[in-house]
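Shown next, in structure tokens, is the structure this report addresses.
The values are calculated or read from the model by the stated rules, or taken from the named source; none is laboratory data. Just so it is clear, the model here is predicted, and its values are computed rather than measured. Every residue, glycine among them, receives a Cβ derived from its backbone with ideal geometry; neighbour counts consider all protein chains shown. The accessibility values were calculated without ligands, DNA or RNA, using every heavy atom of the protein model including side chains. Shrake-Rupley method; radii C 1.70, N 1.55, O 1.52, S 1.80 Å.
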Amino acid sequence: MARKRLGDILVESGIITQEQLQQALQEQKKSKLKLGDHLLQAGYITEQQLIEILEFQLGIPHVSLFRYKLDSSLASIVPEDIAKRYLLVPLKKEGDRLTVAMVDPMDYFAIDELRMSTGFTIVPAIATRDEVQRAIVRMYGMQDSVNELMEGMNAAAEIEEAEITDEDSPIVRLVNQMFEQAVHLRASDIHIDPQEDGIRIRYRIDGLMRTERVLPRHMIGILTARLKIIANLNIAERRIPQDGRFQMNVVFREIDVRISTLPTIYGEKIVMRLLDLTNALLEIDKLGLTKRNLAVFQELISRPNGIILATGPTGSGKSSTLYAVLQHLNKDSVNIITVEDPVEYQLEGVNQVQVNANIGMTFSSALRSILRQDPDIVMVGEIRDTETAEIAIRAALTGHLVLSTLHTNDAVSSLTRLIDMGIPPFLLGSSINGILAQRLVRRICKDCMEEYVPGDHEKEIFEQRGIKIDKLWRGKGCGSCSLTGYRGRLAVHEVFKMDNQLRQMLTRNYPTSEYKKYAMKNGMILLFDDGLIKVRQGLTTMDEIFRIAVNE
């Protein structure tokens with residue numbers, strides 16, 4: 001195989017320009033990623049383009065691993081650590097030739113090391129990163145650990161401490177493999193659900209739940225014990241819920257895990273939220289706001305005082321948005337203090353306070369103390385009660401910029417919610433700058449995206465907004481997206497800006513529908529309409545928009 005450089009091949013093929021290559025090579029030195037990975041991350045190329053170029057230019061075959069029947073006997077030839085380090089998986093053995101699927105078939109160091117460690121001539125094939133990572137989990141995955149654990153448990157009914165603390169024990173390997181699989185699948189949560197017929201291991205991927213494995217029911221005790229040991233929870237206590245958090249390194253990435261246990265009739269249900277600390281924080285302009293919404297939102301957060309609320313249900317990305325705002329406002333000249341439950345990401349230069357209800361450190365009591373700490377900007381994790389709302393409003397009226405979240409369905413109904421809490425309408429008008437409502441929708445998979453002619457119903461919905469459409473996009477389903485047609489998520493927004501007319505309407509106690517009508521007349525884009533804009537741009541589908549918003 002001719003040892004051509006990837007950058008030169010991409011420039012020759014016209015996929016990227018020489019200038020883009022030079023810029024990528026400069027930035028690559030800082031990121032320490034391989035060139036191919038950096039180009040993918042920067043958005044210069046797609047994974048599908050990279051595969052096609054290597055396939056046609058260098059004659060490296062492309063293999064789809066999603067339905068490929070892996071030969072588990074090859075796991076003894078290629079060690080697991082090499083497979084994980086270089087992201088490769090052995091496919092077949094023919095005489096002295098070993099065919100290996102690789103994410104980077106031009107990684108000659110990997111090929112040379114594999115040739116020396118196995119004694120075979122290596123024949124590289126190319127596959128997507130996701131498919132290789134999943135194939136590694138399938139080939140070196142949980143089943144061996146489960147089988148070994150089953151044999152050990154048959155021999156001894158009692159759980160010994162060595163079983164759940166020894167790094168080489170089957171339960172420790174099983175738990176580690178469970179986390180690895182979750183990271184490879186880009187899961188945000190792991191659910192361990194004890195049921196009558198077994199333990200369901202479920203992952204939340206792009207907002208939707210998926211069962212990945214069912215374990216024997218009698219393994220719940222040792223599995224729960226191992227997870228409690230990691231999280232430093234009380235192993236002996238099984239009657240009341242427990243919460244904790246821990247950090248672990250999974251596939252060379254630092255993951256922060258929040259764990260919650262809940263006793264059920266079949267054992268303790270465990271839910272773990274995974275936070276990837278390596279790429280957690282977004283820039284303001286990467287939040288997916290349209291040009292108009294971004295301009296309005298930037299104007300709101302640039303004000304020296306007042307309240308800005310982010311609203312939406314649990315898991316709609318409100319906290320990520322507020323962290324992006326804090327990062328944007330975080331300068332040496334301002335004092336920023338947050339009170340959170342829990343502190344999800346640690347921001348350098350920001351004073352973050354953790355709520356602890358057991359010792360009386362609630363949102364309201366912490367907020368009262370924070371106001372004596374001379375802050376410029378205060379973030380309150382959530383307004384849950386009247387007392388917190390009142391202190392936040394008082395802070396906003398005395399010259400502080402206050403950021404917080406509220407659980408409401410849209411931006412305007414936040415006003416009604418706060419009035420229901422007992423906040424006088426004239427105070428809301430004086431203190432609130434604006435409200436951002438948001439939801440997360442699944443993004444169409446770039447690798448299997450296809451155009452289609454929209455149906456009459458879809459055309460009618462766009463025509464109601466005065467938009468004519470001839471084509472839309474959807475995902476066919478491929479190995480990269482597990483045949484779902486979606487990969488990743490993006491946000492749709494609704495930005496409500498308070499003005500003098502709205503303040504007068506509030507003091508006169510107008511119904512909520514009137515605030516919405518006025519705001520729309522002045523340019524506010526509803527959640528559903530913002531979703532339609534993103535459908536027309538080919539970012540998501542109509543099905544996703546109907547899942548999260550109502551056509552009003």
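Which one is surrounded by the most Cβ atoms within 10 Å (Cβ to Cβ) among residues in region 108-136 that are assigned to a loop (DSSP other than H, G, I, E, B) and touching a residue at least 60 places away in the same chain (Cβ under 8 Å)? Even if it seems obvious, please write down each step before you answer.
Taking region 108-136 first, the residues assigned to a loop (DSSP other than H, G, I, E, B) are 119-120, 127-128.
If we keep only those that are touching a residue at least 60 places away in the same chain (Cβ under 8 Å) as well, we get 127-128.
Details: 127: 30, 128: 24.
So the residue we want is 127.
Out of region 88-101, which residues are surrounded by fewer than 19 Cβ atoms within 10 Å (Cβ to Cβ) and either assigned to a strand (DSSP E or B) or touching a strand residue (DSSP E or B) at 6+ places or on another chain (Cβ under 8 Å) (or both)? Step through it out loud before you land on a result.
Keep residues of region 88-101 that are surrounded by fewer than 19 Cβ atoms within 10 Å (Cβ to Cβ), which gives 92-97, 99.
Within region 88-101, 92, 93, 94, 96, 97, 99 meet the criteria.
Among strands (runs of 3 or more DSSP E) lying entirely in region 381-472, which contain 3 or more residues that are under 17 Å from residue 496 (Cα atoms)? Full working, then the answer.
Details: elements: 401-406, 432-444, 449-452.
The strands (runs of 3 or more DSSP E) meeting that bar are 401-406, 432-444.
Tell me, which residue of region 493-523 that is open to solvent by less than 30 Å² (accessible area, probe 1.4 Å) and touching a Gly at 6+ places or on another chain (Cβ under 9 Å) is nearest to residue 545 (Cα to Cα)?
493
Return a yes/no flag: does region 418-438 have any residue that is at pLDDT 90 or above, crowded, with 17+ Cβ neighbours inside 10 Å, out of contact with any His (no Cβ under 9 Å at 6 or more places or on another chain) and more than 25 Å from residue 377 (Cα to Cα).
Checked against the condition, which is being at pLDDT 90 or above, crowded, with 17+ Cβ neighbours inside 10 Å, out of contact with any His (no Cβ under 9 Å at 6 or more places or on another chain) and more than 25 Å from residue 377 (Cα to Cα), region 418-438 yields no hits at all.
Taking the residues in region 328-351 that are polar (S, T, N, Q), closer than 18 Å to residue 282 by Cβ and modelled with pLDDT of 85 or more as candidates, determine which candidate is most open to solvent (accessible area, probe 1.4 Å). Break it down into steps so the answer makes sense when it comes.
In the first step, residues of region 328-351 are kept if they are polar (S, T, N, Q); the result is 330, 333, 335, 338, 346, 351.
Applying the additional criterion that residues be closer than 18 Å to residue 282 by Cβ yields 330, 338, 346.
Pick out the ones that are also modelled with pLDDT of 85 or more and you get 330, 338.
Numbers: 330: 51, 338: 0 Å².
Per the criteria, the residue is 330.
Are there any pairs with C-beta distances below 7 angstrom linking a residue in region 523-534 that is in contact (Cβ under 8 Å) with a residue 60 or more places away in the chain to a residue that is aromatic (Phe, Trp, Tyr) and surrounded by fewer than 20 Cβ atoms within 10 Å (Cβ to Cβ), with the two at least 6 apart or on different chains, and if so which?
The qualifying pairs are 532/462.
Taking region 97-112, which residues are at pLDDT 90 or above and among the charged types (D, E, K, R)?
97, 112 - these are the residues of region 97-112 that are at pLDDT 90 or above and among the charged types (D, E, K, R).
Output the number of residues of region 439-482 satisfying the condition of being among the basic types (Lys, Arg), at pLDDT below 90 and touching a strand residue (DSSP E or B) at 6+ places or on another chain (Cβ under 8 Å). Quick ask: steps written out before the conclusion?
Keep residues of region 439-482 that are among the basic types (Lys, Arg), which gives 439, 442-443, 446, 459, 465, 468, 471, 474, 476.
Add one more test, that the residue is at pLDDT below 90, and what stays is 446, 465, 468, 476.
Adding the requirement that they be touching a strand residue (DSSP E or B) at 6+ places or on another chain (Cβ under 8 Å) leaves 446, 476.
So the answer is 2.
So residue 272 fits all but one of (1) in contact with a strand residue (DSSP E or B) (Cβ under 7 Å, 6 or more places away or on another chain); (2) farther than 17 Å from residue 178 by Cβ; (3) surrounded by 14 or more Cβ atoms within 10 Å (Cβ to Cβ); what number is the exception?
Evaluating residue 272 over (1) in contact with a strand residue (DSSP E or B) (Cβ under 7 Å, 6 or more places away or on another chain); (2) farther than 17 Å from residue 178 by Cβ; (3) surrounded by 14 or more Cβ atoms within 10 Å (Cβ to Cβ) leaves (2) as the failure.
Which ranges mark the strands (runs of 3 or more DSSP E) fully within region 168-254 that have 3 or more residues being modelled with pLDDT under 90?
On the way: elements: 187-195, 198-205, 208-215, 242-250.
Strands (runs of 3 or more DSSP E) meeting the threshold: 208-215, 242-250.
Where the second residue is among the β-branched types (Val, Ile, Thr) and in a strand (DSSP E or B) and the first is open to solvent by less than 30 Å² (accessible area, probe 1.4 Å) and lies in region 472-490, which pairs have Cβ atoms under 6 Å and are six or more apart or on separate chains?
Pairs found: 475/444.
Which of the residues spanning region 308-321 are open to solvent by less than 10 Å² (accessible area, probe 1.4 Å), touching a Ser or Thr at 6+ places or on another chain (Cβ under 7 Å) and not polar (S, T, N, Q)? Please lay out each step first, then the result.
Within region 308-321, the first condition is being open to solvent by less than 10 Å² (accessible area, probe 1.4 Å), and the residues that meet it are 308-312, 316, 321.
Filter again for touching a Ser or Thr at 6+ places or on another chain (Cβ under 7 Å), leaving 309-311.
The answer is 309, 310.
Which of the residues that make up region 236-256 are among the β-branched types (Val, Ile, Thr) and surrounded by fewer than 17 Cβ atoms within 10 Å (Cβ to Cβ)?
Scanning region 236-256 gives 240, 251.
If you check every pair at least six apart or on different chains, which have Cβ atoms under 8 Å apart with a residue in region 35-62 that is more than 17 Å from residue 479 (Cα to Cα) first and a residue that is buried (at least 16 other Cβ atoms within 10 Å of the Cβ) and among the small types (Gly, Ala, Ser) second?
Listed by first residue and then by second, the contacts come to 35/7; 35/24; 38/24; 39/24; 42/24; 44/24; 60/125.
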